[in-house]
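What follows is a single structure, written as structure tokens, with notes after it.
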Amino acid sequence: SVCISLSKSLSDEENMKLFGKCNNPNGHGHNYKVIVTVRGEIDPVSGMVINLTDLKEYMQEAIMEPLDHKNLDKDVPYFADVVSTTENVAVFIWENLKKLLPTGTLYKVKVYETDQNTVVYKGEETI
């Protein structure tokens, strides 16, 4: 996916200081890697928490269709008002998957922007 990391509420100088090389008005590309972790009771017949074929279909719909080969800021409505950081990409994926997966099975979304830059999101924690 392509993203342009900038906040419309900040000046050009502030965006450059905050986002560094990712603050490019012409955009730049990332090949994100996403790992989805599910949890729940193991089905005694299938031996799985969730059928892997179903999970792949959910991931296709929630991740690949809206994000693959897209300019996040221009092609994905969610990012019109949300800065396209890896953290916010993880939240976007979580929210999309949560709508599709059986209730309570989504445990964790891990997004790799690079080998050194990884975000783990487990949804909103309640106290």
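Miscellaneous remarks
- Restraint check, Lys70/Lys98; Lys98/Lys122; Lys70/Lys122; Lys74/Lys108, Cα-Cα greater than 19 Å: Lys70/Lys98; Lys70/Lys122; Lys74/Lys108
- Looking at the stretch 30-121, the pairs of alpha carbons with a distance over 17 Å make up 51% of the total.
- Relative contact order (%) - criterion: Cα under 8 Å, at least six apart; region: the stretch 30-121: 40
- Placing unit charges on each Cβ (+1 for Lys and Arg, -1 for Asp and Glu) gives the stretch 30-121 a dipole about its Cα centre, and among Thr86, Val119, Gly47 the Cα reaching farthest toward its positive end belongs to Gly47.
- Inter-site label distance for Leu52 and Asn117 at 7 Å from Cα along Cβ, in nm: 3.1
- Here the 3J(HN,Hα) profile of the stretch 109-121, calculated from phi with Karplus coefficients 6.51, -1.76 and 1.60 at θ = phi - 60°, is 10, 10, 10, 9, 7, 9, 4, 9, 10, 10, 10, 10, 10 Hz, Gly and Pro shown as x.
- Cβ-derived FRET efficiency at R0 22 Å, Arg39 paired with Asn71, nearest 0.05: 0.05
Taken together, the values in this text are just the output of simple stated rules run on the coordinates, not laboratory data. What you see is a predicted model, and the numbers here were worked out from it, not measured in a lab. Neighbour counts are summed over all protein chains in view; Cβ atoms, including those assigned to glycine, are modelled from backbone coordinates with ideal geometry.
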